[in-house]
Protein chains: 2
Amino acid sequence: MLGLMQDWPLLIHRVIDHAAVQHGNRLVISRSVEGPIHTITYAEARGRALRLAKRLDREGIRLGDRVATLAWNTWRHFEAWYGITGIGAVYHTVNPRLFDDQIVYILNHAEDRLLLLDLTFVPLVEKLQSRLPGIERFIVLTDAAHMPDTTLRNAMSYEEWLGEADEDFAWRQFDENTAAGLCYTSGTTGEPKGVLYSHRSNLLLSLAVNNPDFLGLSCRDVAMPVVPLFHANGWSFAFSAPLAGASLVLPGAKLDGASVHELLETYRVTITAGVPTVWFGLLQHLEKSGGRLSTLQRVVIGGSAAPRAMTAAFEERYGVTVNHAWGMTEMSPLGSFCSIKPDYGALDREALLDLKMKQGHPPFGVEFRLTNDAGQDLPWDGSTVGRLKVRGPAIAKSYFRRDDEILDEHGFFDTGDVVTIDPHGMMHITDRTKDIIKSGGEWISSIELENLAVGHPDIAEAAVIGVQHPKWDERPLLIIVPKEGRTPKREDVLAFMEDRIARWWLPEDVVFVNAIPHTATGKIQKTALREMFREYRLPGA
Amino acid sequence: MLGLMQDWPLLIHRVIDHAAVQHGNRLVISRSVEGPIHTITYAEARGRALRLAKRLDREGIRLGDRVATLAWNTWRHFEAWYGITGIGAVYHTVNPRLFDDQIVYILNHAEDRLLLLDLTFVPLVEKLQSRLPGIERFIVLTDAAHMPDTTLRNAMSYEEWLGEADEDFAWRQFDENTAAGLCYTSGTTGEPKGVLYSHRSNLLLSLAVNNPDFLGLSCRDVAMPVVPLFHANGWSFAFSAPLAGASLVLPGAKLDGASVHELLETYRVTITAGVPTVWFGLLQHLEKSGGRLSTLQRVVIGGSAAPRAMTAAFEERYGVTVNHAWGMTEMSPLGSFCSIKPDYGALDREALLDLKMKQGHPPFGVEFRLTNDAGQDLPWDGSTVGRLKVRGPAIAKSYFRRDDEILDEHGFFDTGDVVTIDPHGMMHITDRTKDIIKSGGEWISSIELENLAVGHPDIAEAAVIGVQHPKWDERPLLIIVPKEGRTPKREDVLAFMEDRIARWWLPEDVVFVNAIPHTATGKIQKTALREMFREYRLPGA
C-alpha cells in the first residue's frame, strides 16, 4: 500500500524557484572574470536560468545531452547549472587545471555538444579545438564588449547568445533520477572517470548537509565557496546555498589571499570553504597586512588534510571555527564533516585540535563501513585501521560509460582511503589504500610520516613512499624538500621523528630533492615518485 | 538518461540505524506513564524496534497493515513507530482527546488489526471494545508488574509480548512511497479524514525542517516535544531528532506547568515544542514558583496562534527565542516557521513582536499559492487576504479511503486558511475560510477581532461569528466570556475596539456567555456557536 502524498519529484529547478520566491532579494555577488564586481539576486538568476533553458532548447539540446563548462565561480556559471538541468541536460564541469590530454579525453568521452568557457580559457581551447570535433559551438562567458577575436567554432558571447531568448519558459518535467551533472575524477592512474549525478542525488545531499552539524546554511548566511564549481560538484554550494536562501559570494578567477580577504570583508561573508592551499594564502596575507576576519564565522577545509597549525591560527588568532570536511567526486561530494559531538565532553585546547584533525562524521544518507582487505568488518575503536567503504543515495554506483564493478556485495563503494573510526563514529584518514606501506604484514601510514616530517623546522615539504625490502616486503622512504637556505641532516631528521612514532615506523632512509611532483589538483603525485625511485635500493637491502 | 547514483530508498528504518550508529549513546528520556523516569539510548531503542518488528511479523502483521496507538509520548510509543514501519506496516496514531464516537469511527475506518494503548486509556477502550470488532489484540504499553486486570481482547503487556522476540531481524525492504503513518484530522464538521504518510514524505520533511531556519536540530540539542505524537504526526520530532542525533525528552502523560518545567531543567532541554495551552501552564508555573529556564534556547509554538504576551514573556523575561510554527495534519505537518529573514533589517521590540505573530515562511518542499475564491493568484503584499494553497512532497493528495478531489488544477491543496503573505514570503493567518465574515463583499477576520477583544482587561475569552444581515450579507457578532468577578459593558468593549480597527469591522453586537464550546483539540467550536446563535437577530436588522 502506497502513501497518499503528492507526487513532487526532486528536480533541481525547484531549488532556484524556492530561492526566487522565498529569498528573491538575496544576492549572488561575483568577481567577474572581466574584473568588476557583479551583483544579481536569486530572482534575477532564476530569470536568466529560464532564458538559458529556452536558448539551449532552441539550440537543439535535449534530455540527457551534455553541456560542458570550463569556468570559474561566477553568476554565469551558477545560473548555467540551473538552465542546463532545467531542460534535463547535464552540466559537465571540466577542471581547467588538468593536463591538455586529460581535458581532451574528458570532453570527447562525455560527448559534450556545447562548451561554455571563461575568457581565461579561450587560448587553451583554441589550441585544443581541433581535437574536439564533437563540440558544435563554443560560448564565451562574457558580453559583446569583451568578446575576443577567436578562432573557436561558431563562437558567440554568452550574453548575446542568451539575449536571443526570453524568460517565458516552463521547466521541463522528468523523473528525479534523471542525470543532472557530470564530473570526472582526475585519478593519479588510468583515464579520468565520469561520475554522473542525478537531480535526486543533488537535492538529497543538499538537504542533508544543511543540517546544523554540517554546512548548516541559513538564510542569514553569506556563503563564499572558494572551492571551484568544477571541483567535485562544487561541494554542493550551488544547490545548498539557494535552497537555504543564503547569499552567495563567488570569487571568480582570483583566489590569492588578498583578493579572497577583500571579498570576505567587503561582502560580510559568514561561511567559506576551500582547499588548504587557499587558506595558506589567506593566512599569509593576514599576517603581512595585519588584516582581520570581522564577519567570518566558519571556514570549511577539504580537498586534503588541514594542517594543525592552520586550524589553530583560524580558531585562536582570528576567532573563526574550522570544520574539516571530507568527500569525493563520487560522493557528490560530502562524506563527512568534523563538528564536535557531545560525546567528547569538555576538551582542552590540544584535545580539541586533535579531534579537529579528524575528517569527522557522515550526514544522514552516508553510511560507513570499515573493513580489512578481505572485506571483513573491523572495530570502530579509533585505532584499528582499515578500508573505508560508503553507501548512500548520492554515492556513485558506476562510472559513466564504463563497466567496472565498483560496489561490494553489500552495495558499498570503496573510497580508497585507509582510516580509523572512533567509537563515536568520527573518521580519520590515515592514508590512501595505494600509498599505505605494508611492512611485515602491518600498515604504516605515509601521510602520518609526512605530517610529522614537515614539523621539522628545516623541511618545506615531505613525501613518503614504500620501497621494496627483502625481509619486510616494503619499508618507508622519506623524500624531503628542504626550506630555502637550510640543509637538514639525515640523522637529525630521523632523530626528530624517532620519539614521536613506533620504532618500526621510522623511515628506512631519507633522500633530499629540490621539488616533489604534484597532480593537477595539487596533491603529491606518488605514482611519479614511485617511478623516480623505482631503481632505488635501501641501504643494506 | 538516468544518473549513476546508488539506489537507496528513503525508508524510515535508516533514521534509527543512523542514530544508533552515529549517535548511539544519545538518550531518549521519558516520564513513564507508570511514574518513574525511564532512560534508553538510540542504540537500545533500535534494538527494541527490531524486536518489535520481529514480534509484529510473528503476529502476522503484513505490509500495509495498520497498527493503532493510543498513547502518550514515551520511549515505547517512539520505538513502536520504527518497529511498525520497519516491516512496512502503518503506525496509526489516535488522539485520545477525541469523542468516543470519533475514536470508534477512526479505528474501524482504518481497519486497525492491533491497538497499542497506554495504561491511562484501558478503561476507555474497555468501554469501547465491543464496537471495535476488527481489532484482534490489545497490547498495553507497560510491563507485567503493572499490567492491570482487564477485559480487553487477547490483552498482553507490551514488555511480555515484546519479550517473545529477539533483535535478530532484518528490516524489510520496499518502495519508499510505501505507506508509513496514518493520522486522522479532527475537523469540526463531517467525519474525521485519514492522512496517509509515506516513508519518503516523512524523511523529506524531516531533512527539510532540520535546516537552521526551521527546527534546525543538532546532535548537541536536547529536544522535548510536548506536542503529542498523536497530534499531526508528532510535528516530525520522532524522525527529525534521531536523524540529527538530538537527544529526546518525552513528557509522558504529565503536561502541567510544573511537570514540564521539571523536565526542562533536569534534563537540560535546549528546544521544546507544543501548543499555547501548555505554555500558558508553564509560564503561570514559572511566575508562581519564580523558576527560570536555564538551558532552554528555543520554544516552538504551533497548533493555534501564540498570543503576543506569551512570545514577549518567553523572549524578554526568560531569554528564550520563540518560533511560531504552522502546519496541518495534511502537511506531515510543518507548513511554515517564523524565523526572521535578513530582509527585515534591524527591528525594534514592537516590530519584532509584530513579525513574530506571523506564521512564517515555508521550508524547501512547501510551495505557497495565495488565491481568491475564483482561484486567481493574489499579490504577496502583506495586506491582500486570500486562500492559502500548498504543494509539496509531504502534503496530502487525497484522504484514506475517500474519493474527494482535494487538489486544484495545479496540484495545490487548499489549507482552508485565509492569510496574507508579505513580499518576503512571510505568511500570516487571518482566519479560517469557513469562519471569515463576508460583509458587503469584503472579508472581516474573526480571529483578529477575537485577539483584539481579549486584550480588554475584563475579558477572559472571546469568539466572533458572522450572523446574517439583510444589507451587508453578514456582520460580526462578538461573544464574550468575562473574567471571574468582572462585568464588562457592551459600550466599553466596543469603545475599546473602535480605535484599533477599521470602522466597518466593528462588531455589530456583543453578547455575554459563561463559556464558549471547544473542540477536542482545544479550538473554539464555531459550528456549535453558529448553531447556538442561529435564531439570533442583530439589533435593527
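The values are calculated or read from the model by the stated rules, or taken from the named source; none is laboratory data. Just so it is clear, the structure is predicted and the values come from calculations on it, not from any experiment. Virtual Cβ from ideal backbone geometry, glycine too; neighbours counted across all protein chains shown. Each accessible area value is taken on the protein alone, full model and side chains, heavy atoms only, with ligands, DNA and RNA left out. Shrake-Rupley method; radii C 1.70, N 1.55, O 1.52, S 1.80 Å.
General observations
- Between 0 and 90°, nearest 10: helix A:276-289 axis offset from chain A longest Cα axis: 90
- Extents of the stretch B:454-520, largest first, come to 37, 32, 17 Å (Cα atoms, principal axes, whole angstrom).
- As a length-normalised measure over Cα pairs under 8 Å and 6 or more apart, the relative contact order of chain B settles at 10 percent.
- Area accessible to solvent at B:ASP377, 1.4 Å probe radius, in Å²: 100
- Total accessible surface hidden between A and B, rounded to 100 Å², 1.4 Å probe: 6000
- Scattering curve values for the stretch B:132-172, log₁₀ I(q)/I(0), Debye with Cα scatterers, q = 0.16 Å⁻¹: -0.50
- Taking the empirical scaling 2.2 N^0.38 Å for compact globular proteins as reference, the stretch A:1-59 has a Cα radius of gyration ratio of 1.54.
- Within the accessible area of the stretch A:373-425 (1.4 Å probe), percent carbon and sulfur: 45
- Distances, shortest first, from the label point of A:GLU287 to those at the same position in the other copies read 6.0 nm; the point lies 7 Å along Cα to C-beta.
- Taking Cα atoms only, the orientation of helix A:199-209 departs from the longest principal axis of chain A by about 60 degrees.
- Residue-level accessible surface for A:LYS523, protein heavy atoms, 1.4 Å, Å²: 110
- With contributions of -39500 (n - 2.57) from each DSSP H run of at least four residues, the per-residue ellipticity at 222 nm computed over the protein assembly as shown stands at -7500 deg cm²/dmol.
- Positive end of the dipole of the stretch B:384-480 (Cβ unit charges, origin at the Cα centre): among B:HIS456, B:VAL390, B:GLN468, the Cα lying farthest that way belongs to B:VAL390.
- Counting only protein heavy atoms and a 1.4 Å probe, the protein assembly as shown has 37 square angstrom of accessible area per residue.
- Amide H to amide H distances under 5 Å link B:ALA460 with B:VAL481, B:LYS483, where only residues 5 or more positions off or on other chains count and H is placed in the peptide plane.
- Given R0 = 35 Å, the distance between the Cβ atoms of A:GLU34 and A:ARG97 translates into a calculated FRET efficiency of 0.95.
- Solvent-accessible area, 1.4 Å probe, carbon plus sulfur percent, for the stretch B:112-237: 48
- Over the stretch B:249-373, the ratio between the Cα radius of gyration and 2.2 N^0.38 Å evaluates to 1.12.
- Of the residues B:TYR399, A:LEU506, B:GLY319, the one whose Cα sits farthest towards the positive end of the charge dipole of the protein assembly as shown is B:GLY319 (charges of +1 on Lys and Arg Cβ, -1 on Asp and Glu Cβ, taken about the Cα centre).
- Quarter of the Cα convex hull surface for the stretch B:222-273, i.e. its orientation-mean projected area (nm²): 3.3
- Pairs of Cα atoms farther than 24 Å apart, the stretch B:10-169, %: 31
- For B:ASP256, the distances from its label point to the matching points in the remaining copies are 7.2 nm, ordered from shortest, with each point set 7 Å beyond Cα toward Cβ.
- For B:LYS438, a cut-off of 19 angstrom between C-alpha atoms picks up these lysines, skipping any fewer than 8 places away in its own chain: B:LYS471, B:LYS526.
- Distance between modelled label sites at B:GLN297 and B:LYS489, nm, 7 Å Cα→Cβ extension: 5.3
- Other protein chain Cβ atoms within 10 Å, averaged over every residue that makes up B:190-199: 2
- Ordered from largest to smallest accessible area (heavy atoms of protein chains, 1.4 Å probe), the residues A:ASP17, A:ASP499 come out as A:ASP499, A:ASP17.
- Reciprocal of mean inverse Cα separation for the stretch A:316-451 (Kirkwood radius, Å): 16.0
- Total charge dipole magnitude, chain B, about the Cα centre, Cβ charges on Lys, Arg, Asp, Glu only, Debye to nearest 20: 400
- Over every Cα atom in the protein assembly as shown, the radius of gyration and the widest Cα-Cα span, Dmax, amount to 31.6, 116 Å.
- Net charge of neighbours whose Cβ lies under 13 Å from the Cβ of A:TYR158, counting Lys and Arg as +1 and Asp and Glu as -1: -3
- Peptide B:15-22 - average C-beta neighbours from other chains (10 Å radius): 4
- The value given for chain B is a Kirkwood hydrodynamic radius of 24.6 Å, derived from the mean inverse Cα-Cα separation.
- Take every Cα pair under 8 Å whose residues are at least 6 apart in sequence, average their separation, divide by the length of the stretch B:421-472, and the relative contact order is 31 percent.
- Long-range amide H partners of B:ASP221 with built H, under 5 Å: B:SER247
- Counting heavy atoms of the protein chains alone, A:VAL510 has an accessible area of about 10 Å² for a 1.4 Å probe.
- Chain B comes nearest to the axis taking it onto chain A at the Cβ of one residue; that residue and its distance, in whole Å, are B:LEU207, 2.
- Ordered by solvent-accessible area of protein heavy atoms (1.4 Å probe), largest first, the residues A:TRP8, B:TRP443 come out as B:TRP443, A:TRP8.
- Percent of C-alpha pairs per 10 Å bin, the stretch B:191-331, short to long: 12, 44, 33, 10, 1
- Accessible area in the full protein assembly, largest first, 1.4 Å probe, for A:VAL385, A:VAL493, A:VAL511: A:VAL385, A:VAL511, A:VAL493
- Copy-to-copy label separations for A:GLY134, where each label sits 7 Å from Cα toward Cβ, in nm and ascending: 5.7
- Computed 3J(HN,Hα) for the stretch A:341-350, one whole-Hz value per residue from the Karplus formula 6.51 cos²θ - 1.76 cosθ + 1.60 where θ = phi - 60°, is 6, x, 4, 7, x, 7, 10, 7, 3, 5, glycine and proline marked x.
- For A:337-343, mean number of other protein chain Cβ atoms within 10 Å: 4
- Cα-based helix-to-principal-axis angle, A:75-85 vs chain A, degrees rounded to 10: 80
- Extension gain for B:GLN376-B:GLU316 works out to 17.4 nm (0.36 nm per residue, less the C-alpha to C-alpha distance).
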